[in-house]
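Note sheet for the following structure.
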Ligand code: GCB
């Protein structure tokens, strides 16, 4: 039906998202470590757009005058809006925004001077919420998934002076991934860096340097030659590129990366198009190691390893989800103090700095996508969203030696549609990366007291979350669960824990005290230590984190299962119990 012509086009439509959804941004990741980047972070302007009027009424067109030159009345004034420093979560800007969920429009101007024969991309490290991006009145695309990076080609739209507009919406939706109910805080905003990246007309999009192969994918050219060099090893290999891709054997003999010896090498890759017209050269700091399973063992570089881990969210009291590199380093330092060699980065992809720093300091990582609790497992759009987040994460971290495990989800019910959905994700992960292990945090069958989940067939390692001693106060069930189970694969206890108010003391039977949490940890440790097939543990969780579901006065809107207080200044008693347990495993 023809829509009536109307001055205010946007007010008679409710399906405005359809237009934006038609241009979805999908796995656009570019290997960019060594590329020159011009920061577009810094001061932006922002406006709270509760009703998504920017999208409905297309403010981004900046249609400000009638054809006869008369000025139109506007409902926005980009340049007069309040300043905000990017990257940041809007929740941390002022009290009025702390609990805000919905639309927010960000904008800034920037200058650009065109270089010769270049293509230009804008990189968003992470935007929490749906993000619709506009550059110079042109709609560039919509990105879903709040924790993975995306890149937008702006070569043809950039001018000397430019305006970028990003309409973000972090409304929780049942059809999204994660869906509308999670056990963490729903931060919003452009919370990781925004950067402008210049590349040649034909460029290296991604490459992977594994222990026995190297692979490259280029953009802008079909055929050509690539050369990979590791100067420190005096190693050079050639790769023939056909249909924009190439693969070759890798036969250098690097010292292997491990938490004890996080050896990284400078790896350079150069690509030259077939006609020799274009050259691109990038490099990365890469560690080489092998991870695998054999029976119920996890093998790192061929040797059995026990993963002495801890789970962590991406959050700090001051910055919300926009954690700084110093905060990431602080988390690892605390984990190392606890004698950890492993961290589970729950429940969504953390900042790319997290895996880079882990590479550098020697921490093994479990990385995860937010297929969390109830997802619309029958909904093809939800699947496409989850798969895209998985692809973006794998492309981003493909060369990170620290990352040994991809997790395709957490605590989902064992239904047919979930099995199909998550099995497809495991297959996708294997297709994209054959060099890492696949897992998911599964549940115990509380009726039969056994580790039972049909998805485990598809996994290399079985993750198990269990809260005996807390959600189920009958701790005696845990040994029974372990006795009843006979997994053919290694198991990681990916979560256990108990609430505890930092600094609150009392009896070991008094809930929320440090003594109560300690008692749960002591019983867990004693029980787990005797189970031969358990090859790793990552208790819940390093430090307390904000959580809108936690309304008990002891919790005060925090999940208080941390081993440290939320500000990380106070170590609870259970921290020392884990520290001792791990020290004895060394
Ligand atoms: C879980 C979830 C985690 C929660 C935790 C809890 O099983 O995986 O996201 O925060 O339990 O504290 O209940």
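Quick note: the coordinates plus some simple rules give every number you see, no bench work behind them. It should be emphasised that the depicted structure is a prediction, and the values quoted were computed from it without experimental measurement. Backbone-built Cβ (ideal geometry, glycine too); neighbour counts: all protein chains shown.
Would you mind computing, in nm to one decimal, how far apart the modelled labels at residue 294 and residue 474 are, each placed 7 Å from Cα along Cα→Cβ? Taking the two extended label points, one gets 4.1 nm. Expressed per residue, the C-alpha convex hull volume of the range 293-369 stands at 98 Å³.
Using Cβ contacts closer than 10 Å as the measure, can you line up 76, 468, 191, 557 from fewest to most? Don't skip to the end; give the middle numbers.
Working: 76 18, 468 23, 191 29, 557 13.
Ascending Cβ contact count within 10 Å gives the list 557, 76, 468, 191.
Can you tell me which of 393-401, 430-438 comes out highest on packing, and rank the rest after it, using the mean Cβ neighbours within 10 Å? Numbers along the way, then the final one.
Values: 393-401: 23.2, 430-438: 16.4.
Sorting 393-401, 430-438 by mean packing, highest first, produces 393-401, 430-438.
Taking the longest Cα principal axis of the chain as reference, the axis of helix 416-432 is set at about 70 degrees.
Relative to the longest principal Cα axis of the chain, at what angle does helix 380-397 sit, 0 to 90 degrees, rounded to 10? Value to nearest ten degrees: 80.
What Kirkwood hydrodynamic radius do you get for the range 88-141 when you take the inverse of the mean 1/r over all pairs of distinct Cα atoms, in Å? All intermediate terms of the calculation are to be shown ahead of the outcome.
On the way: mean 1/r = 0.0709 Å⁻¹.
Every distinct Cα pair counted, the radius reaches 14.1 Å.
Residues 205, 561, arranged from fewest to most other Cβ atoms within 10 angstrom of their Cβ, appear as 205, 561. Across q = 0.08, 0.11, 0.12, 0.15 Å⁻¹, the range 336-495 modelled as identical point scatterers on its alpha-carbon atoms has Debye log10 I(q)/I(0) values of -0.24, -0.45, -0.53, -0.82, in the order of the q list.
For residue 62 and residue 175, FRET efficiency with R0 = 25 Å and r from the beta-carbon atoms, rounded to 0.05? Please list the in-between numbers first.
Details: r = 31 Å, r/R0 = 1.26.
Efficiency computed from Cβ-Cβ geometry: 0.20.
Over all pairs of different C-alpha atoms, the range 370-412 has a mean inverse distance whose reciprocal, the Kirkwood radius, equals 11.4 Å. Measuring max minus min along each principal axis, the C-alpha atoms of the chain give extents of 80, 60, 45 Å (largest first).
Report the rotationally averaged projected area of the range 412-537 based on its alpha-carbon convex hull, in square nanometres. Each step should come with its number before you reach the end.
Numbers: hull surface 35.1 nm².
Mean projected area of the Cα convex hull: 8.8 nm².
Between the range 129-204 and the range 486-540, the C-alpha centres lie 39 angstrom from each other.
Here the extension length gained between residue 71 and residue 301 equals 75.9 nm, from 0.36 nm per residue of separation less the Cα-Cα distance.
If you stretched the chain out fully between residue 83 and residue 236, how much longer would it get, using 0.36 nm times the residue separation minus the C-alpha to C-alpha distance?
Values: separation 153, 0.36 × 153 = 55.08 nm, distance 4.95 nm.
In short, 50.1 nm is gained.
Each of residue 279 and residue 253 was given a label point 7 Å from its Cα along the Cα-to-Cβ line. The distance between the two points is 3.2 nm.
Volume per residue for the range 458-521 equals 90 cubic angstrom (convex hull of Cα atoms). Axis of helix 573-585 versus longest Cα principal axis of the chain: the two differ by about 80°, to the nearest ten degrees.
Stick to the Cα atoms of the range 56-204, pair each with every other, and give me the Kirkwood hydrodynamic radius in Å at one decimal. Provide the component values of the computation, followed by the final result.
Working: mean 1/r = 0.0592 Å⁻¹.
For the range 56-204, inverting the mean 1/r across all distinct Cα pairs yields 16.9 Å.
Run the Debye formula on the Cα coordinates of the range 476-586, all scatterers equal and no solvent, and tell me log10 I(q)/I(0) at q = 0.16, 0.17 1/Å. Log10 I(q)/I(0), no solvent term: -0.75, -0.83.
Under Stokes-Einstein, with the Kirkwood radius over Cα pairs standing in for Rh, what whole-number D in µm²/s applies to the range 127-223 at 20 °C and 1.002 mPa s? Mind dumping the intermediate values first?
Numbers: Rh = 16.2 Å.
After rounding, the answer is 132 µm²/s.
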